[in-house]
Amino acid sequence: MCADGWHGELADRLVKEGAELLVQVSANPEVWSDGTRRGWQSSLFTQVERLGVYGVVCMGVGSLFELPFQGQSQIIAPRQPGAPRGRRPCVLRETRSVTEEEVISLRLEFPAPRQQCSDDSSMP
């Protein structure tokens, strides 16, 4: 669900049918910059916050036929109601590199509790 991350219809249907975790498998064929990051924040991040479920963004990195793919994989959770709004949901785990493969993992509690995030845990 790459491009579907920007459109809530599929996420709405999945959650209505019982999904408690949304996964966006993606590949970004451009250099990862602050502007690129902000663009990705309007994808699955929006659905996680709106629907109150966990999200995992799995970004493909490396190159394919000399086309570079960069990005950061994240495990994210919705914020608590009334919490100061950041630019995106709580980032529970995030890869450090935008160009190298990394594995991140986390044991999650279901259903997803809304998180109390400091500004540091919701990286800009």
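The numbers here are math on the coordinates, done by the rules we state, and not lab data. Since the structure is predicted, the reported quantities are computational estimates derived from the model, not experimental observations.
Numbers below:
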{"read-out": "Amide H partners (placed H, <5 Å) of residue 22, local residues excluded", "value": "54, 55, 56"}
{"read-out": "Built amide H within the under 5 Å cut-off of residue 93, gap 5+", "value": "75"}
{"read-out": "Amide H contacts under 5 Å for residue 80, placed H, 5+ residues apart", "value": "115, 116, 117"}
{"read-out": "³J(HN,Hα), Karplus 6.51/-1.76/1.60, whole Hz, each residue of the range 27-39, x for Gly, Pro", "value": "9, 9, x, 7, 5, 7, 10, 4, x, 5, 4, 4, x"}
{"read-out": "Karplus-derived 3J(HN,Hα), 6.51/-1.76/1.60, for each residue of the range 46-56, Hz, glycine and proline x", "value": "5, 5, 4, 5, 5, 9, x, 10, 6, x, 10"}
{"read-out": "Integer Hz, Karplus 6.51/-1.76/1.60 couplings in order for the range 10-17, x for Gly and Pro", "value": "5, 4, 4, 5, 4, 5, 4, 8"}
